[in-house]
Amino acid sequence: MSDPAVVGAEYVDETRLAVRKAAHSGAEGPDAREVLFDAIVEAQPRRILELGPGEGELAERLVRELGNDVVAVDQSERMVEITRGKGVDARLGRAEQLEFADESFDCVVAAWMLYHIDPIERGLAEIARVLEPGGRLVAVTNGRDHLRELYDLVGRERLTSTFTAEDAAESLPSYFSTVEARDAHGWLVFPDAGAGQAYVDSLILLEGARVPPVIGPIRVRRLPTVFVAQK
């Protein structure tokens, strides 16, 4: 989903994001957010750029627990406002045109946001530009069959993404010397159709889709992968 108008509507406030975060908090399997955090910590970074911080929880944690110098950039005015409210240096901007000098950071974090960039090549080139030699990109994205059961249930086809896990495995080596994939696959479990519908309603691309009556819980695969790429 890289249409700026659609992305803007998705993140005009925190309402839709909050529903999805709550669902993933109770998911089965590894927590991709912890895999992400560990990949950042092991690099022992000094200055971090986070792209698309959402409500700023990760950026705040990096500052609080590690004392890192963190700058967060988001295209949503509301997300920047919330992140600043957590004491983080948050700025309005776009990953395709970063307003930082070459080699300004030793770590860039991009969690579930690179599929919003079009063209993705420009975003990756900008990330590589602002990373110092030996610096690390930690990116999270989902596999092509992420939420497959949910899409099937509501009778919708998934839109083509610019940066699935499969795409990342092919594109990242063009910009980074080494790339490692760390899967954090598992399952979302919705106790009933109502819970499934709430999640569907939180996705602007599924607007108007209806979850049919079902008996028992709905199990939906979740396929996040954390990519660790060294410049």
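A few comments on the model shown:
- Reference-scaled alpha-carbon Rg (2.2 N^0.38 Å with N residues) for the range 96-231: 1.23
- Solvent-accessible surface of the chain, taken per residue with a 1.4 Å probe and all protein chains present: 46 Å².
- Ordering of 17-28, 70-81 by packing is 70-81, 17-28, highest average first (other Cβ atoms within 10 Å, averaged per residue).
- For Ala18 and Glu207, the difference between the fully extended length at 0.36 nm per residue and the C-alpha to C-alpha distance is 66.4 nm.
- Here the extension length gained between Glu42 and Glu180 equals 48.3 nm, from 0.36 nm per residue of separation less the Cα-Cα distance.
- Shown is the FRET efficiency for Glu34 and Glu170, computed with R0 = 22 Å from the Cβ-Cβ distance and rounded to the nearest 0.05: 0.25.
- Ranking Leu172, Leu203, His185 by how far each Cα lies toward the positive end of the dipole of the range 128-209 (charges on Cβ) leaves Leu172 at the top.
- Structure-derived volume of the Cα convex hull per residue in Å³ - corresponding label in (1) 142; (2) 109; (3) 119: (2)
- Between the amide H of Ala72 and those of Glu50, Asp89, Ala90, Arg91, distances stay under 5 Å, these residues lying 5 or more places away or on another chain, with hydrogens modeled in the peptide plane.
- Restricting the range 122-208 to GluC sites (Glu not before Pro) in coil, as DSSP defines it, with at most 13 other Cβ within 10 Å: Glu157, Glu207
- Approximating the spin labels as points 7 Å out from Cα along Cα→Cβ, the Ala198-to-Glu99 distance works out to 3.9 nm.
- Beta bridges from DSSP with both residues in the chain: antiparallel share about 50 percent, rounded to the nearest 5.
- Computed over neighbours whose Cβ is under 10 Å from that of Glu96, the net charge equals -1, Lys and Arg +1, Asp and Glu -1.
- Counting 0.36 nm for each residue step from Glu157 to Ser25 and taking away their Cα separation leaves a gain of 45.0 nm.
- Computed E for Asp89/Val214 - FRET, C-beta separation, R0 41 angstrom, nearest 0.05: 0.35
The values are calculated or read from the model by the stated rules, or taken from the named source; none is laboratory data. Every value quoted in this text rests on a predicted model; they were computed, and no experiment measured them. Please note: Cβ atoms are built from the backbone with ideal geometry, for glycine as well, and neighbour counts cover all protein chains shown. Surface accessibility is based on the protein's heavy atoms, side chains included, excluding ligands, DNA and RNA. Shrake-Rupley method; radii C 1.70, N 1.55, O 1.52, S 1.80 Å.
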